[in-house]
Amino acid sequence: MKKRKFGLLISSVVATGAILAACGTDEEKTDSTDTSNNNTGSETNTGSDDNFSIAMVTDVGGVDDKSFNQSAWEGVQQFGADNGLSKGNGGFDYLQSQTDADYNTNLNNLLRRDFDLVFGVGFMMGDAIEEIANDNPEAKLALIDAEVAAENVANILFKEQEGAFLAGVVAASMSESGKIGFIGGVDIPVINRFHAGFKEGAEAVNPDIEIQVNYTGAFDDASKGKIAANSMYSSGVDIIFHAAGGTGNGVFSEAKERKTKDKDANVWVIGVDADQYAEGQVDDSTNITLTSMLKGVNTAVVDIATKTKNGEFPGGTTTVYGLAENGVDLADSRGAIPQDVMDKVAEYKEKIASGEITVSEEKPKQ
């Protein structure tokens with residue numbers, strides 16, 4: 001399969017925050033109707049026949065997971081706003097998957113509704129996208145975080161390991177206990193890349209750092225994230241990086257509860273995919289989000305949709321976004337990370353982007 005790279009600018013924290021605030025509101029939920037398998041979407045006819053319409057199918061984490069799915073939905077909404085579209089047929093929409101059994105049904109549903117481009121969000125949707133692509137050769141599909149060898153599928157990948165390396169540098173540099181944690185969702189290649197980069201970055205600044213690891217096996221179970229975080233914090237871990245979608249919400253809950261009970265508790269969370277600063281707010285003066293590893297899913301969606309609208313559909317190829325393409329980064333820490341650590345991050349960022357350092361993407365051996 002051919003692969004190519006091109007530049008991508010991650011949207012600013014302010015813009016991302018504004019879109020996050022628009023997601024999952026009561027107004028949006030009111031506009032949506034259940035179309036199949038308890039999935040959220042709208043079949044309202046909107047716009048003219050000249051509109052280029054896009055839609056997406058979520059992974060099981062849900063469209064309001066405050067992470068990966070939500071970031072993709074932000075991109076769909078942004079494309080709609082940029083092109084004067086409304087939510088519904090002829091504009092933009094999504095269907096939510098409750099289980100992996102919903103993937104094929106939801107993808108077919110959106111194609112029957114004549115959306116011009118349909119995104120499948122997540123590695124676990126690869127098989128469904130491949131099947132739907134083969135059955136519908138005229139359809140235009142995009143797959144995030146996996147690859148399918150089909151001329152009517154645009155594959156989108158990220159070098160998560162590069163952004164996670166920077167998160168590891170921060171965690172190991174700032175840990176007071178010498179113990180940090182990684183909580184992943186399902187044990188799949190994309191999460192392995194987060195794990196690999198985090199470990200490599202942490203050990204680059206502190207070879208003796210202790211890294212506890214827990215793959216929860218789910219992207220949609222906050223209780224599992226909370227249990228995993230409780231175990232780590234109780235053992236002395238003071239900074240946890242999660243790459244677990246909605247399951248990661250439980251990591252924030254555990255850290256905030258500990259900080260509420262003891263204002264001197266040294267507990268931090270590094271968020272993932274989007275800027276998760278808001279998820280770490282304890283009170284007006286306290287926040288336990290150290291930073292977040294940004295993954296420009298929203299901007300990639302806009303980029304691929306715009307190219308497709310302009311007759312440049314990158315079907316049959318894989319577009320890869322890393323540090324060199326400004327596709328991954330760290331969010332503003334709002335002063336939580338001292339300047340000397342930020343200088344260290346900048347140094348490693350330059351070395352990775354230039355190719356001086358190649359970050360492993362293989363799952364570390366336990």
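The values are calculated or read from the model by the stated rules, or taken from the named source; none is laboratory data. Everything quoted here is computed from the prediction, not taken from an experiment. Neighbour counts are summed over all protein chains in view; Cβ atoms, including those assigned to glycine, are modelled from backbone coordinates with ideal geometry. Accessible surface areas use protein heavy atoms only, side chains included; no ligands, DNA or RNA. Shrake-Rupley method; radii C 1.70, N 1.55, O 1.52, S 1.80 Å.
Miscellaneous remarks
- Among SER234, SER71, SER175: highest mean-square fluctuation, GNM of the chain, C-alpha pairs under 10 Å: SER234
- Mean-square fluctuations from a GNM of the chain, with a 10 angstrom spring cutoff on Cα atoms, peak among GLU176, GLU279, GLU257 at GLU257.
- Solvent-accessible area per residue, Å², over the chain with all protein chains present [probe radius 1.4 Å]: 40
- Among beta bridges identified by DSSP and lying wholly in the chain, the antiparallel ones come to about 15 percent.
- On Cα atoms only, tilt of 68-82 relative to the major axis of the chain in degrees: 50
- 0 to 90° range, to nearest 10: angle between helix 339-354 axis and the chain longest Cα axis: 50
- For the pair the range 83-140 / the range 293-339, the C-alpha centres are spaced 21 Å from each other.
- Cut-off under 5 Å, modelled amide H: who pairs with LYS140 long-range: VAL118
- Relative intensity of the chain on a log10 scale, I(q)/I(0) at q = 0.08, 0.14, 0.15 Å⁻¹, equals -0.37, -1.12, -1.26, per a Debye sum over C-alpha point scatterers of equal strength in the absence of solvent.
- Helical mean residue ellipticity (222 nm; -39500 (n - 2.57) per DSSP H run of 4+; nearest 500) of the chain: -12000 deg cm²/dmol
- Around MET56: net Lys/Arg minus Asp/Glu count, Cβ-Cβ under 11 Å: -3
- Computed from backbone phi with θ = phi - 60° and the Karplus coefficients 6.51, -1.76 and 1.60, the 3J(HN,Hα) list for the range 180-187 is 10, x, 10, 10, x, x, 7, 7 Hz; x is used for glycine and proline.
- Residue among ASN51, ASN69, ASN155 with the largest mean-square fluctuation in a Gaussian network model of the chain, springs linking Cα atoms under 10 Å: ASN51
- Förster-model FRET efficiency, 30 Å R0, LYS351 and SER177, C-beta, rounded to 0.05: 0.60
- Cα-based helix-to-principal-axis angle, 102-112 vs the chain, degrees rounded to 10: 40
- With every protein chain in place, the range 275-318: carbon and sulfur % of accessible area (1.4 Å): 41
- In sequence order, the range 307-323 has phi-based couplings of 4, 5, 4, 8, x, 10, 4, x, x, x, 10, 10, 9, 10, 10, x, 5 Hz under the Karplus curve 6.51 cos²θ - 1.76 cosθ + 1.60, θ = phi - 60°, and Gly or Pro positions carry x.
- Amide H contacts under 5 Å for GLU147, placed H, 5+ residues apart: none
- Measuring between alpha carbons in the structure, the pairs from LYS179/LYS349; LYS87/LYS159; LYS199/LYS344; LYS159/LYS351; LYS199/LYS365; LYS66/LYS263 lying more than 21 angstrom apart are LYS179/LYS349; LYS87/LYS159; LYS66/LYS263.
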